[in-house]
1. Take the conditions over 25 Å from residue 30 (Cα atoms) and surrounded by 15 or more Cβ atoms within 10 Å (Cβ to Cβ) and apply them to residue 55. Does it pass?
2. Of all the residues that make up segment 31-69, how many are out of contact with any strand residue (DSSP E or B) (no Cβ under 8 Å at 6 or more places or on another chain) and within 17 Å of residue 92 (Cα to Cα)?
3. Check 136, 132 and return the single one that is in the same structural domain as residue 204 (by TED's automatic domain parsing), closer than 22 Å to residue 230 by Cβ, touching a residue at least 60 places away in the same chain (Cβ under 8 Å) and within 20 Å of the chain's Cα centre (by Cα).
4. Going by the structure shown, is residue 20 outside any loop (DSSP other than H, G, I, E, B), under 21 Å from the mean Cα position of the chain (by Cα), under 30 Å from residue 128 (Cβ atoms) and without any contact (Cβ under 8 Å) to a residue 60 or more places away in the chain?
5. Find the residue count for segment 1-49, including only residues that are surrounded by 10 or more Cβ atoms within 10 Å (Cβ to Cβ), modelled with pLDDT under 85 and not assigned by TED's automatic domain parsing to the domain that holds residue 77.
6. List every residue pair whose Cβ atoms lie under 6 Å apart, where the two residues are 6 or more positions apart in sequence or sit on different chains, the first residue falls within segment 188-214 and is under 21 Å from residue 173 (Cα atoms) and not assigned by TED's automatic domain parsing to the domain that holds residue 168, and the second residue, located anywhere, is at pLDDT below 90 and in a helix (DSSP H, G or I).
7. At least 1 residues that are within 19 Å of residue 174 (Cβ to Cβ) in each: list the helices (runs of 4 or more DSSP H) lying fully within segment 41-156 that qualify.
């Protein structure tokens, strides 16, 4: 009988481990140690799951217990929650996310190359967008992966995302952990003096806000995950952004 191999590249194992981790993180912080129900998960072998839990969690001083329920033969999982468990969970998440992070990095590199080959170096808003892309780690730490630009969502065409002439979103980034997306809409404003320039600025700020809210909702449909919307302008000659 072959021995059970624990492998972070095994999608089933990785999904199970990360589900356990995120469920633990979802519990409210508490000082007292307590046994908490994580949920019910299906797995082919009790022995295999025991080995996996011991290797991944037990060696990090996290006690995960599993019991097979008689009603539906699913496994019921509990964790001994204590006040320091989050510190011990985070390295596990980092390790088991590595294959996915590598994939994100490859996609990021491809998208950066596409952008650099296609953006207009003489267009004010493309210059603004390029500045965001080049400095995203400093501007908005944690959203290091460039996902898309000039994107649209088509409800009527089987989730087809394509560039269209009129209504397109500007930039999309993704977090390393937790699947949070960042939709950024940009607007280059007229910072000249006078009533006309002032009105144009106000109209521009309102326009980019509306676009941000719109593409935030479309991104939720496209990615089926958490999305943060940001409008980004050169208001008053400074790089300014607002969250939605």
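The values are calculated or read from the model by the stated rules, or taken from the named source; none is laboratory data. Computed from a predicted model, the values in this text were never measured in an experiment. Ideal geometry is used to build each Cβ from the backbone, glycine not excepted, and the neighbour counts take in all protein chains shown.
1. On the way: over 25 Å from residue 30 (Cα atoms): yes; surrounded by 15 or more Cβ atoms within 10 Å (Cβ to Cβ): no.
Against the criterion (over 25 Å from residue 30 (Cα atoms) and surrounded by 15 or more Cβ atoms within 10 Å (Cβ to Cβ)), residue 55 does not qualify.
2. First, pick out the residues of segment 31-69 that are out of contact with any strand residue (DSSP E or B) (no Cβ under 8 Å at 6 or more places or on another chain): 31-32, 44-45, 47-48, 51-52, 54-56, 59-61.
Now narrow it down to the ones that are within 17 Å of residue 92 (Cα to Cα): 51-52, 54-56, 59-61.
Going through segment 31-69 one residue at a time, the tally reaches 8.
3. Numbers: 136 fails: touching a residue at least 60 places away in the same chain (Cβ under 8 Å).
From the options 136, 132, the qualifying one is 132.
4. Details: outside any loop (DSSP other than H, G, I, E, B): yes; under 21 Å from the mean Cα position of the chain (by Cα): yes; under 30 Å from residue 128 (Cβ atoms): no; without any contact (Cβ under 8 Å) to a residue 60 or more places away in the chain: yes.
Answer is no for this residue.
5. 1
6. Close Cβ pairs (under 6 Å, with a partner that is at pLDDT below 90 and in a helix (DSSP H, G or I)) do not exist here.
7. Values: elements: 46-56, 85-96, 98-118, 124-139.
The helices (runs of 4 or more DSSP H) meeting that bar are 85-96, 98-118, 124-139.
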